[in-house]
1. In nm, what is the difference between 0.36 nm times the number of residues separating Leu437 and Phe146 and their Cα-Cα distance?
2. Just order 19-25, 195-201, 277-283, 80-86 by mean Cβ neighbour count inside 10 Å, highest at the front, would you?
3. Report P(r) for region 347-474: all Cα-Cα distances, bin width 5 Å, range 0 to the bin holding the largest distance, values in whole percent.
4. Would you mind listing how long region 369-436 runs along its three principal axes, going by Cα atoms, in whole Å with the largest first?
5. Only helices at least 30 Å long along their own axis, judged from Cα atoms, and with Kyte-Doolittle mean hydropathy of -1.0 or greater: name those in the chain from DSSP H.
6. Give me the percent relative contact order of region 322-474, please, defined on Cα pairs under 8 angstrom at least 6 residues apart.
7. What is the distance in Å between the Cα centroid of region 373-437 and that of region 224-279?
8. Can you list the chymotrypsin sites (Phe, Trp or Tyr not before Pro) in region 255-325 that are in a DSSP coil and have 12 or fewer other beta carbons within 10 angstrom?
Amino acid sequence: MNLWGGRFESSSSEALAALSRSVVFDWRLAPYEIEVNLIHLANLVQQSIISKEDGLSLRKALIELGQEIDSGKFTFSKEDEDVHSAIERGLTEKCGKLGGAIRAGRSRNDLVVTDFKLYLIDHLLEISSQVVELIKAINYQTKKNFELIAPGFTHTQHAQPISFAHELSKHSHALIRDIDRISDWLKRNSKSAYGSGALAGSPFVPNPQLIASELGFSGVMENSIDAVSDRDFAVEALSCIAILGVHLSRIGEEFVLWSSSEFNWVELSDAYTTGSSIMPQKKNADIAELARGKAGRFIGNLTTLLVVLKGLPFGYNRDLQEDKEPVFDSVEQILLLLPALTGMIESAKFNSENISAKASAGFSLATEIADYLAKKQIPFSEAHEAAGACVRLCEKNGIELHQLSDSQLMQIHPSLTGEIRNLLNVESAVKSRNSSLGTAFDSVRAAVSELDKQISKIESEISNHRKQLSGMIS
Ligand code: ARG
C-alpha cells in the first residue's frame with residue numbers, strides 16, 4: 001500500500017516500487033511505531049481531529065495490531081512500501097477508512113525520525129548492558145591474576161614486566177569509555193522530532209513537549225527543519241559502535257595471539273572455539289577473529305552514512321532512507337559479538353606458568369639499571385647509555401643482567417654497584433611502579449575496585465533510562 005497517489009494518473013512502475021521499498025528492513029521499527037501511534041492518536045482526540053468514539057476504536061485496533069506484530073500474526077506484504085504504510089494498512093484492515101485518520105498532523109518525515117530514535121535508545125541501552133557483562137568477565141579473570149607477573153610489550157617486543165591483571169584490566173577501562181560515550185549519546189540525542197510534520201511543524205501537535213515526555217524522550221528538538229533532516233544521532237551511534245568495535249578487535253587480536261601454540265598463554269573453552277573441516281587437531285579462536293574482522297564492517301557502516309549525508313540539502317530527501325541499514329547492521333552485529341566474546345573470556349583458562357616464564361626475558365629489566373642511576377642524579381642520557389652497555393655485555397657473554405659481576409658493573413659506570421642486583425628481579429620492578437595508574441599489585445587492585453564501583457553506578461543508570469522509556473519499550 002502507498003500513502004500517496006491522489007495526484008498520479010498511472011500507478012508506479014515495478015522498478016520504482018522495488019527500488020524505493022524499505023519495509024524489508026525498516027519493519028524493525030514496527031513496535032516503536034505502534035507506541036508512537038497510540039500517543040499521536042490520544043493527541044488527535046485531544047485536539048478534536050478524531051472523535052472520542054473513533055479514538056476508542058482506533059486505540060483498540062492499534063493495541064491488537066501491536067500484539068499481532070509481536071506474535072508474528074501481522075507482518076508486511078509485497079505491496080507495502082515501508083513500515084509506516086504497512087501499519088496504516090493493518091489499521092485500515094481493522095477499521096476501514098478510519099484507519100487513515102491517524103495520518104493527520106504528521107508526516108513520515110517526523111515519524112521515521114521518532115521511531116528510529118526510539119529504536120536507537122532502546123538498543124544502545126542493550127549494547128551498554130552487554131558491554132557491562134563483558135567488563136565483568138574481564139574483571140573476573142583479572143581478579144584471579146593480581147599477583148601474576150607477565151612480560152609487557154611495546155612494538156610486540158618484550159618491554160618491561162607487568163602484572164597480568166594490569167594487562168587484562170586495561171580492556172575494562174577502555175570499555176567503560178565506550179559506555180560513557182553511549183551515555184553521552186543519550187544526553188544529547190534523546191530529543192523528540194515529533195510535531196515537525198513534513199518540515200514546517202504541525203498545527204495539530206501544539207504541545208510537542210508533552211508528546212516527547214510521553215514517548216520517553218528527555219526533550220524536544222528546537223527547529224523542525226533540523227529535526228527532520230538531522231541524522232547526527234545515527235552517525236554518533238555508528239561512531240560509538242565503531243569505536244567499541246575497534247576495542248573488541250584489539251581484544252580479539254590479543255586472544256588470537258595468546259591462544260597460539262607459540263604463546264600458549266590461554267586455553268579457550270571448547271564451547272567458544274571451532275574446529276577445522278580437514279585438520280582434526282585444530283581448535284581455532286574464531287570468536288576472537290570475528291571480533292577483529294567485524295570492526296571493518298562497523299567502520300564501513302559509519303563511513304557509509306557520513307557519505308550519504310555529505311552535501312545533502314535540508315528538508316527530507318529520499319537519500320535519508322539509506323540511514324537505516326548501516327545502523328541496523330552495526331547494532332545487530334555488535335549484539336551478536338558481545339555475548340560470544342564475553343563467554344569466550346569468562347570460560348578461558350590462563351596458563352600462569354607460561355605467562356610468567358618470560359617476564360624477565362629480552363633484558364626487560366634494563367630500565368631498572370637506568371632508573372637506579374637516575375636516582376643517584378646521573379643524567380638520564382648517561383644512565384641510559386650505561387644500561388645499554390650492560391645489555392650489550394650480557395648479550396656478548398650469553399648471561400642475564402643480574403649475572404654481571406661487581407667489576408663489570410663498575411667498569412661500565414662508577415656508580416653501578418652490586419646493590420643493583422636487588423632490583424634486577426621482576427617483582428621489584430613491578431612493585432616499584434606503584435602510582436595510581438602503575439602496574440604494582442596494589443595499584444591495579446585499587447583501579448579494579450574503582451571499576452567495580454563504576455559498574456554498579458552504570459547498571460543503575462541503565463535501569464533508570466529504561467524506566468524513562470514508555471511501557472512497551474522498557
Ligand atoms: N521510508 C522512508 C525513510 O525511511 C520514510 C520517509 C518517507 N518520506 C517521504 N517523504 N517519502 O526515509
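Only the coordinates and a few stated rules stand behind these numbers; no lab work does. These numbers come from a predicted model, not from an experiment. For neighbour counting, all protein chains shown are included, and Cβ atoms are generated from backbone atoms with ideal geometry for every residue, glycine included.
1. Numbers: separation 291, 0.36 × 291 = 104.76 nm, distance 1.45 nm.
In short, 103.3 nm is gained.
2. In decreasing order of mean packing, 19-25, 195-201, 277-283, 80-86 become 80-86, 195-201, 19-25, 277-283.
3. P(r) over region 347-474, rounded to whole percents: 2, 9, 14, 14, 13, 10, 8, 6, 5, 5, 4, 3, 3, 2, 1, 0.
4. 38, 25, 17
5. Numbers: long enough: 108-143 (51 Å, 0.16); 164-189 (39 Å, -0.78); 232-258 (39 Å, 1.10); 286-309 (35 Å, 0.77); 324-346 (33 Å, 0.71); 441-468 (41 Å, -0.85).
Flagged H segments are 108-143, 164-189, 232-258, 286-309, 324-346, 441-468.
6. Working: 88 pairs, mean separation 21.3, N = 153.
Relative contact order comes out at 14 percent.
7. Answer, in whole Å: 41.
8. On the way: sites: Phe255, Trp258, Phe263, Trp265, Tyr272, Phe298, Phe314, Tyr316; in loops: Phe263, Trp265, Phe314, Tyr316.
Answer in residue order: Phe314.
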